[in-house]
1. Are any residues in the stretch B:35-58 of a type outside the set (Ser, Thr, Tyr) and in contact with a Pro (Cβ under 9 Å, 6 or more places away or on another chain), and if so, which ones?
2. Limited to the stretch A:241-275, what total is found for residues that are closer than 19 Å to B:Ile245 by Cβ, of a type in the set (D, E, K, R) and either touching a helix residue (DSSP H, G or I) at 6+ places or on another chain (Cβ under 6 Å) or touching a residue at least 60 places away in the same chain (Cβ under 8 Å) (or both)?
3. For A:Ser176, indicate whether it is touching a Cys at 6+ places or on another chain (Cβ under 8 Å), surrounded by fewer than 20 Cβ atoms within 10 Å (Cβ to Cβ), at pLDDT 95 or above and not acidic (Asp, Glu).
4. For the stretch B:229-239, give me each residue that is more than 17 Å from A:Val255 (Cβ to Cβ) and either outside the structural domain of B:Leu203 (by TED's automatic domain parsing) or modelled with pLDDT of 95 or more (or both).
5. Take the residues in the stretch B:109-141 that are assigned to a loop (DSSP other than H, G, I, E, B) and not small (Gly, Ala, Ser), then tell me which one is nearest to A:Gly218 (Cα to Cα).
6. Take the residues in the stretch A:142-156 that are over 12 Å from A:Thr97 (Cα atoms) and part of a loop (DSSP other than H, G, I, E, B); name whichever of them is nearest to the other protein chains (Cβ to nearest Cβ).
7. Do you know which residues across the stretch A:169-192 are facing chain B (nearest Cβ under 10 Å) and either touching a strand residue (DSSP E or B) at 6+ places or on another chain (Cβ under 9 Å) or assigned to a loop (DSSP other than H, G, I, E, B) (or both)?
8. Give the residue, chosen from A:Ala287, A:Ala278, that is under 18 Å from B:Leu220 (Cβ atoms), small (Gly, Ala, Ser) and in contact with a Phe, Trp or Tyr (Cβ under 9 Å, 6 or more places away or on another chain).
There are 2 protein chains.
Amino acid sequence: MFPFSDTTLAVFGPGLLGGSLLLEAKAHGVKEVRVWARSEKSLEKVRERRLADSASTDVRETAQGADLLILAVPVGAMAALAGEIVRAALPANAVVTDVGSVKAAVLAGAGEVCRRAGVAFVGSHPMAGAETPGLDAAKSGLFRNAACLLTPDASTDHAALEKVDAFWQALGCRTSRLGASHHDEVVARISHLPHLSAVAATLASFRPDASMAQFAAGGLRDTTRVASGLPSMWREILMENRTAILPALKDLHRVTGELLEILTEADDDHLLVYLEEARRLRATRYA
Amino acid sequence: MFPFSDTTLAVFGPGLLGGSLLLEAKAHGVKEVRVWARSEKSLEKVRERRLADSASTDVRETAQGADLLILAVPVGAMAALAGEIVRAALPANAVVTDVGSVKAAVLAGAGEVCRRAGVAFVGSHPMAGAETPGLDAAKSGLFRNAACLLTPDASTDHAALEKVDAFWQALGCRTSRLGASHHDEVVARISHLPHLSAVAATLASFRPDASMAQFAAGGLRDTTRVASGLPSMWREILMENRTAILPALKDLHRVTGELLEILTEADDDHLLVYLEEARRLRATRYA
């Protein structure tokens, strides 16, 4: 069990994930909860809702003396943020982690900045989110039963890894460990490709006449749901992981081409093979 | 309001939709509820659950004297079934309708059989369903708030159309009327294309290593959900509507190709345009 009552937690970025972390920290009796945001406007909301013991736009002030520091900002902003954090006076056992949805880039950026400064860093990716971004969408329980992928490498401090693992488990996550590149290949298939597929399905379904959707049942709604995600956020995620996404997207394009050929040729036996394979594969995860 | 207390309803095919119709009929106080099934085995379940006043494998016996006759069998079996139905003695104001998910083929098949026999036929498509087929999945309330598309043509009897419209409205459907070919183009975009997209996403996501899906969040689950639909049923639907599906599937294949090109070239401005268009289009239907 992670000793929450001894922990000073610093959350950088009070968005959906960061805000949910604040709510959890409060609920779990963390000793001190701090939050940093780029703008005073974001902090006002945090203060109104009393989500933290202190709230500041000063990175060093927020980091000073914190035991567990969580980067919950866009992945592209993490390395610079880590650079400011490591200039603060941190306890010897302080650990920096993140919630970024790609990991090779984070380890090479924020992870490397911490390593050079002698500060322990552990890459984390809690698979929790929603189409609705921002603090208003934050909720306690967001991490419950979510998978959380930790991406240690040869340089990762063992105690820091155990600490971060225990933290996510305490929030209800099912934690697993895998290499950063493997992580990025996995999420390309299970998160980023479904997103691109939903975007493609939305464009192909809605473009001719969006008003037709009034007649739709649950299939259209669910198949396209994640395409309502924040475009600016998804642009960044998709660009950051494009190396791992490209083979997956090639597969998707190839399969849609095969289905097109099958339908064009009215090859219903072949169509059945595809439908059966999809149903069988999906049954490995979903009843 | 449809006069249920005067109606003898005959449902042909006690599957998910037919079974749900039986439950609704009971709840709405229909005078007499009859059901026909191809096999005695299907009828046993109906009898056990007392879902109908009579249950038979004899089409003519089931149809005899019925006011409202609903074909809830696979579309490919409807014309032959209609051929047997019109041989029964039906009241002058009897109406035959169906629940098929394609309509041009149904009007040319079962609709034409009825027209030639002087029996009123109205094409219906309640947009209600589930991945789980069969009587066990049937439930009352299945049709509530569902869109129901009626497809009258020049030969459709006005009173029959009003009767069928009132029936679906009584079950809670939002009814609309459109031409059969237009209907087929619409459902190709809002139902059949999402299905093919979910199948393609499942194959591309799960094939390399299906066990990766254990780490997935809601995006993979929802984007691929309908790919768990019954393969034999979907083969038939997709083949029956292939003329209308082909241009939609071509669009899907083209868009996945465009996304692949955008990602390959790391053209993030162009990517944002696609993400924003998808989000905006989807917002026309879903908040």
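The values are calculated or read from the model by the stated rules, or taken from the named source; none is laboratory data. Computed from a predicted structure; not experimentally measured. We place every Cβ from the backbone using ideal geometry, glycine too, and count neighbours over all the protein chains shown.
1. B:Val35, B:Trp36, B:Ala37, B:Leu43, B:Lys45, B:Val46, B:Leu51, B:Ala52, B:Ala55
2. So the answer is 1.
3. yes
4. B:Met239
5. Top of the filtered list is B:Met127.
6. By that ranking, first place goes to A:Ala146.
7. Those that are facing chain B (nearest Cβ under 10 Å) and either touching a strand residue (DSSP E or B) at 6+ places or on another chain (Cβ under 9 Å) or assigned to a loop (DSSP other than H, G, I, E, B) (or both): A:Arg174, A:Ser176, A:Leu178, A:His183, A:Val186, A:Val187.
8. The unique qualifying residue is A:Ala278.
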